[in-house]
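These notes are about the structure you will find just below.
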Amino acid sequence: MTPAIEIREVHKRFGSLHALRGVDLTVERGEFFALLGPNGAGKTTLIKMLTGILQPTAGSAAVLGHDPSRPSDAYKKQYALVMGQKSQLWWDLPAADTFLLNKAIYEIPEEDFRRNVQQYSAMFGVEELLKVPVRQLSLGERMKMELIASLLHDPRVLFLDEPTIGLDAIAQRQIRDLVRQVNQERGVAVL
């Protein structure tokens, strides 16, 4: 079976700056893999390359057998990306409205959509907050809603870029525990 993520000798340059040099990495399906490093180490650059936002200068990458440098709609429906510094939720609308938008974008069948909203909102303990405008939620509550929005279409790979930035220690632990639970129960590969 093909690995979830396979990277071989990937390099990325921005002019004279080497953001990545010769990165080799394999993440198996259902694996939970963390990238650690200081600011500027290339973690976000690597994630952006795996989602097709950036192209490698050299080397190759594959996610679920797809070449992220040529992302197809079929590929885009197999992964999710949560960036702690960027929101996919509409600030003045309840998260439930963004969930409906994602349902349409990802063509999620009604039964799967309802099941996932119910299961994830219960798992994350935010059932009563689904109809609250996003601007009224705490940062921890917003991050839980971000994760739910990203998981509604049953991705096989979940890319996380600083999903706990700015959260207190308790909220950070909750988010990590919830992501671990999704990884274990749904078999989602997490990077």
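Straight-distance candidates among the lysines for linking to Lys43, with alpha-carbon spacing under 24 Å and chain neighbours fewer than 8 residues away dropped: Lys12, Lys76, Lys77, Lys86, Lys144.
Computed from Cα positions, the angle between helix 95-105 and the longest principal axis of the chain comes to roughly 50 degrees. Roughly what angle does helix 169-186 make with the longest principal axis of the chain, taking Cα atoms, 0 to 90 degrees, to the nearest 10? Around 80 degrees separate the two axes.
Build a GNM of the chain with springs between Cα atoms under 10 Å apart, and of Gly37, Gly15, Gly125 the one that fluctuates most is Gly15. In plain terms, the chain is cut at each of the trypsin sites (Lys or Arg not before Pro) found in a DSSP loop with at most 12 other Cβ atoms within 10 Å, and the longest leftover piece is 1-85. With each label modelled as a point 7 angstrom along the Cα→C-beta vector, the Asp92-Gln119 pair spans 3.5 nm. A Gaussian network model of the chain, with springs between Cα atoms under 10 Å, assigns the largest mean-square fluctuation among Leu36, Leu178, Leu139 to Leu36.
Just the number please: accessible area per residue for the range 138-191, 1.4 Å probe, all protein chains included, in Å². Working shown, then result.
Values: 2220 Å² over 54 residues.
Heavy-atom accessible area per residue stands at 41 Å².
State whether the range 7-72 is rounded, prolate or oblate according to the following rule on the C-alpha gyration tensor (a ≥ b ≥ c being the square roots of its eigenvalues): a/c under 1.5 gives rounded; otherwise a/b larger than b/c gives prolate, and the remaining case gives oblate. Taking the square roots of the gyration eigenvalues as a ≥ b ≥ c, the range 7-72 is oblate. Relative to the longest principal axis of the Cα atoms of the chain, the long axis of helix 110-123 lies at roughly 90 degrees. The simple spin-label model puts a point 7 Å past each Cα toward its Cβ; for Ala58 and Asp154 those points are separated by 4.2 nm.
Which value does Rg/Rh take for the range 116-191 over its C-alpha atoms, Rh per Kirkwood?
On the way: Rg = 11.8 Å, Rh = 12.7 Å.
Result for the range 116-191 is an Rg/Rh of 0.93.
DSSP beta bridges fully contained in the chain are about 65 percent antiparallel. Centre-to-centre, using Cα atoms only, the range 161-184 and the range 26-82 are separated by 20 Å. Selection among Gly125, Ser150, Thr164 by position relative to the dipole of the range 86-191 gives Thr164 as farthest towards the positive end (Cβ unit charges, Cα centre).
The values are calculated or read from the model by the stated rules, or taken from the named source; none is laboratory data. All values reported here derive from a predicted model rather than from experimental measurement. When we count neighbours, we look across all protein chains shown, and the Cβ atoms used for this are built from the backbone with ideal geometry, even at glycine. SASA here: full protein model, heavy atoms, side chains in, ligands and nucleic acids out. Shrake-Rupley method; radii C 1.70, N 1.55, O 1.52, S 1.80 Å.
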